[in-house]
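The structure under discussion appears below in the form of structure tokens.
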Amino acid sequence: MDAEDVKLVRVVPDPECVWCGAPVSQLGTRTPRKFCKRSHRQRALEARRLGLPMKKDRPPKEAAPRPAALVRAEEDRQAVLFLADAVVRTSVDVPPPAPASNDAPSLPAEPRVEGRVLPLWEDAEIGADGSPDWEKRLEYWESKGGPAAD
């Protein structure tokens, strides 16, 4: 039997680091290692001197509760981002106006919806409370064959 035929098989799993509990490789050592890093050996020494438990034995830290003001600010930020995204998705690109010729005075183009001309509402049709006269607008649309009101 040659040395090349001998196969080394690890029987025992790697021991855990005394400080953090991670597996510690024992390859290439004569004496067994107890720590995965030198800094963990130092932390364990300090913890033993102070009488504290090792890191692996401590209970997991709970997340500190966030102040209500931070939670509200995050909610407001998310709402603003949602509205900005909705505005961007629903906005319509309006082509720039055609350059005006020197012969005719420039008038605003009449707004159109599917080939129909929309009325330019006058200030006289706005009520005292600042709202438009909806009955008048409804009559106009019905007379033009617009979509029927529900």
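Solvent-accessible area of Glu74, all protein chains in place: 60 Å² (probe radius 1.4 Å, heavy atoms, ligands and nucleic acids excluded). From the square roots a ≥ b ≥ c of the eigenvalues of the alpha-carbon gyration tensor of the range 1-88, which class results: rounded (a/c under 1.5), prolate (a/b over b/c), or oblate? Oblate.
Measuring only protein heavy atoms, the 1.4 Å probe finds Lys136 accessible over about 100 Å².
What ranking of Cys17, Cys36 comes out by heavy-atom accessible area, probe 1.4 Å, highest first?
Numbers: Cys17 0, Cys36 55 Å².
Result, largest first: Cys36, Cys17.
Sequentially through the range 55-71, phi angles give Karplus couplings (6.51, -1.76, 1.60; θ = phi - 60°) of 4, 5, 8, 7, x, x, 6, 8, 5, 5, x, 7, x, 4, 5, 5, 5 Hz, Gly and Pro residues having no value and appearing as x.
Note on exposure: Leu138, Leu52, Leu27 ranked by accessible area (1.4 Å probe, complete protein assembly) read Leu27, Leu52, Leu138, with the most exposed listed first. Solvent-accessible surface (1.4 Å probe) assigned to Arg77 amounts to roughly 130 Å².
Could you sort Arg43, Arg66 by their accessible area in this structure, using a 1.4 Å probe and putting the largest first? Please list the in-between numbers first.
Numbers: Arg43 100, Arg66 140 Å².
Descending accessible area places them as Arg66, Arg43.
The values are calculated or read from the model by the stated rules, or taken from the named source; none is laboratory data. What you see is a predicted model, and the numbers here were worked out from it, not measured in a lab. Side chains included, ligands, DNA and RNA excluded: accessible areas come from the protein's heavy atoms. Shrake-Rupley method; radii C 1.70, N 1.55, O 1.52, S 1.80 Å.
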